[in-house]
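Asks: The structure under discussion is supplied below as structure tokens; questions concerning it will follow.
All of the numbers you see were taken from the coordinates with simple rules; none came from a lab. Every value quoted in this text rests on a predicted model; they were computed, and no experiment measured them. Glycine also receives a Cβ, built like all others from the backbone with ideal geometry; neighbour counts cover every protein chain displayed.
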2 protein chains.
Amino acid sequence: MDIFNNLRNEFHKEKVEQFLLDKGKQTEEALHRYLSQLQCPIPGLIEAMEYSLFAGGKRLRPALVLGSAELFDGNIQKVMPSACAIEMIHTYSLIHDDLPALDNDDFRRGKPTLHKVYGEAIALLASDGLLTLAFELLASTGNAEVVVEVARSAGVNGMVGGQYMDIIAEGKLVPMETLQEIHRKKTGALICASLRCGALLSNAFSKGLQAITEYGKHLGLAFQIVDDILNVTGDEKTLGKPVGSDKEHKKSTYPALLGLQQSQELALEHTHKAISALTCFGEKAEVFRQLALYMLLRNH
Amino acid sequence: MDIFNNLRNEFHKEKVEQFLLDKGKQTEEALHRYLSQLQCPIPGLIEAMEYSLFAGGKRLRPALVLGSAELFDGNIQKVMPSACAIEMIHTYSLIHDDLPALDNDDFRRGKPTLHKVYGEAIALLASDGLLTLAFELLASTGNAEVVVEVARSAGVNGMVGGQYMDIIAEGKLVPMETLQEIHRKKTGALICASLRCGALLSNAFSKGLQAITEYGKHLGLAFQIVDDILNVTGDEKTLGKPVGSDKEHKKSTYPALLGLQQSQELALEHTHKAISALTCFGEKAEVFRQLALYMLLRNH
């Protein structure tokens, strides 16, 4: 029995795909523009940054920033620097994840990882450059509150902290609360900050800011649970990465802790909660509703 | 003949040492305070950050921020977050420098380097945490301009760019302009930004901001030239690191490009220029005058 069956009727995949495509294109144009505006006289360094920045990412986080701004009738151009900044932060974190000291991955999205092509020293400097440029861009909006928001979500109480906890947890099954904590920090915090940035820069009303934060929290958790499920049930070709690797590495995952069925139920629960959080926005939030379904029903 | 002889009479070493001691103490108290205010529930990560942050640095950059604020009658408490942020950025850069992928150093200031004690993965995450926290602190002043200033000085057109150029230049003698460019970016930019931050946050008058920027530029260059000279003429024990290592590594240095005497003359010239830039401040800038002499006349 497919417990997601009822939702499949409400799901319009093409709407989300069009949304991600549009926002992705706008983001990539802006990324190119910001990099060239730097007028950095060191082409090799910029080239290395571009290698990872344009390696085929889905641009989910910038789409959340831009979509959130639209939800609050904000100005897309005003939030674009933040959208690109958050994508740079996401990219720097992937570069570090792939390094020999961490996951030691030779490939990402079918392409050799940055350190495989440019060496570890350049990979480090390129990622340092991306993280630092991200904060320059964020601050260029003139809104220091947004810089604080993103820095917190990316720092020791956010992404960096989550990665640390993940390393410490390696090879052992941690309690459920710890697993949730790891994911809230490691991926959830930046997803949430993306939505909040778009809202903050669009003078969101306080209840709306609360609602979008709640949406982000549950979206992030559903996203991660589905990721874990796909690592068990997914098709290697569609997924683009080996199935079963989590179990092999004795990683704490939702299926490992809860079993497959309960994991699916939990993903469904968070998707419902994400969608309910959008009630106050009415029809306007339709694309974010669809995005929550997309996260749940995807097969890669 | 000692070409610095005239200056030795004007130099009051104890004034600078007291200044660095005072500012260093204030900075360290604030650093401890900011780290504990984080209330980060991951003690191991904070511990690793503290290991490098409290490894006996001279706290030169925070002293420049605080001294600059005093020069412009600014509020020390208002600039303290920026002073600590810049020290965190300096520290993260040292952690990366020491990694096997870059300089592969086992010791810094007589202590094992961070990755030697905690492993490379934790060293990476701790440095990521420091850089990100630095921007949170900078933005917490509410002044986005200062965030932009520091991000530029630390990024691809500043420190990161200088480190990249330095790696590319390894093992070959580069032209004089390239050497200056490397140092302006690698160490000069953050020194300059430290002074400018203190000034910007203290509502510096435009001519004063220009003057302190000029001072910083020449101070940074003199600092680096003297470093290179000491690597040739210094005493290994006083210096705390091996003498002659630059020559051994075929590094482009001022003595290698200009010879020892001309390097000393150039250091003297930049010191004079740094001191002249302070004229508009009168007596008030005495400690910065002494600091320029200290940089020139130091033996470690």
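Asks: Restricting to segment A:205-222, give me the number of residues that are crowded, with 23+ Cβ neighbours inside 10 Å and hydrophobic (A, V, I, L, M, F, W, C).
Replies: Final tally of qualifying residues: 4.
Asks: Taking segment A:163-192 as the search range and keeping residues that are of a type in the set (D, E) and under 16 Å from B:A121 (Cα atoms), which one is farthest from the chain's Cα centre (by Cα)?
Replies: Of segment A:163-192, the ones of a type in the set (D, E) are A:166, A:170, A:177, A:181.
In the following step, the residues that additionally are under 16 Å from B:A121 (Cα atoms) were identified as A:166, A:170.
On the way: A:D166: 17, A:E170: 22 Å.
If we take residues in segment A:163-192 being of a type in the set (D, E) and under 16 Å from B:A121 (Cα atoms), then A:E170 is farthest from the chain's Cα centre (by Cα).
Asks: Something else now. Condition first: at the interface with another protein chain (Cβ under 7 Å from one of its Cβ atoms) and either over 20 Å from the mean Cα position of the chain (by Cα) or part of a loop (DSSP other than H, G, I, E, B) (or both). Now tell me which residues in segment B:142-162 satisfy that.
Replies: Step one: of segment B:142-162, the residues at the interface with another protein chain (Cβ under 7 Å from one of its Cβ atoms) are B:142-144, B:147-148, B:151-152, B:154-157, B:160-161.
Across segment B:142-162, the qualifying residues are B:G142, B:N143, B:A144, B:G155, B:V156, B:N157.
Asks: Are any residues in segment A:166-197 in a helix (DSSP H, G or I), charged (D, E, K, R) and either away from chain B (no Cβ under 11 Å) or free of Cβ contacts under 8 Å to residues at least 24 places away in the same chain (or both), and if so, which ones?
Replies: Initial filter on segment A:166-197 (in a helix (DSSP H, G or I)): A:166-169, A:176-197.
Checking which are charged (D, E, K, R) leaves us with A:166, A:177, A:181, A:184-186, A:196.
Scanning segment A:166-197 gives A:D166, A:E177, A:E181, A:R184, A:K186, A:R196.
Asks: Follow-up question, since we're still on this one. Given the criteria surrounded by fewer than 18 Cβ atoms within 10 Å (Cβ to Cβ) and touching a helix residue (DSSP H, G or I) at 6+ places or on another chain (Cβ under 6 Å), does A:K15 qualify? Show your work before the answer.
Replies: Values: surrounded by fewer than 18 Cβ atoms within 10 Å (Cβ to Cβ): yes; touching a helix residue (DSSP H, G or I) at 6+ places or on another chain (Cβ under 6 Å): yes.
Here the answer is yes, as A:K15 does meet what is asked.
Asks: Checking A:D227 against (1) under 30 Å from A:T141 (Cα atoms); (2) within 15 Å of the chain's Cα centre (by Cα); (3) acidic (D, E), only one condition comes out false. Which one?
Replies: That leaves (1) as the condition not met.
Asks: The conditions are (1) in contact (Cβ under 8 Å) with a residue 40 or more places away in the chain; (2) not hydroxyl-bearing (S, T, Y); (3) not in a helix (DSSP H, G or I), and B:V243 fails exactly one of them. Which is it?
Replies: Failed condition: (1).
Asks: Would you mind finding the one in A:G129, A:G119 that is free of Cβ contacts under 8 Å to residues at least 12 places away in the same chain, at the interface with chain B (Cβ under 8 Å from one of its Cβ atoms) and not hydrophobic (A, V, I, L, M, F, W, C)?
Replies: Working: A:G129 fails: free of Cβ contacts under 8 Å to residues at least 12 places away in the same chain.
Being free of Cβ contacts under 8 Å to residues at least 12 places away in the same chain, at the interface with chain B (Cβ under 8 Å from one of its Cβ atoms) and not hydrophobic (A, V, I, L, M, F, W, C) holds for just one of A:G129, A:G119, which is A:G119.
Asks: Output the residue which, of all residues in segment A:25-62 that are surrounded by 19 or more Cβ atoms within 10 Å (Cβ to Cβ) and of a type in the set (D, E, K, R), is farthest from the other protein chains (Cβ to nearest Cβ).
Replies: Within segment A:25-62, the match that is farthest from the other protein chains (Cβ to nearest Cβ) is A:R59.
Asks: Name the single residue that is farthest from A:D106 (Cα to Cα) among those in segment A:234-267 being hydroxyl-bearing (S, T, Y) and surrounded by fewer than 13 Cβ atoms within 10 Å (Cβ to Cβ). It would help to see each step written out before you state the result.
Replies: Step one: list which residues in segment A:234-267 are hydroxyl-bearing (S, T, Y), which gives A:238, A:245, A:252-254, A:263.
Narrowing the set further to residues that are surrounded by fewer than 13 Cβ atoms within 10 Å (Cβ to Cβ) leaves A:238, A:245.
On the way: A:T238: 19, A:S245: 15 Å.
Across segment A:234-267, the extreme among qualifying residues is A:T238.
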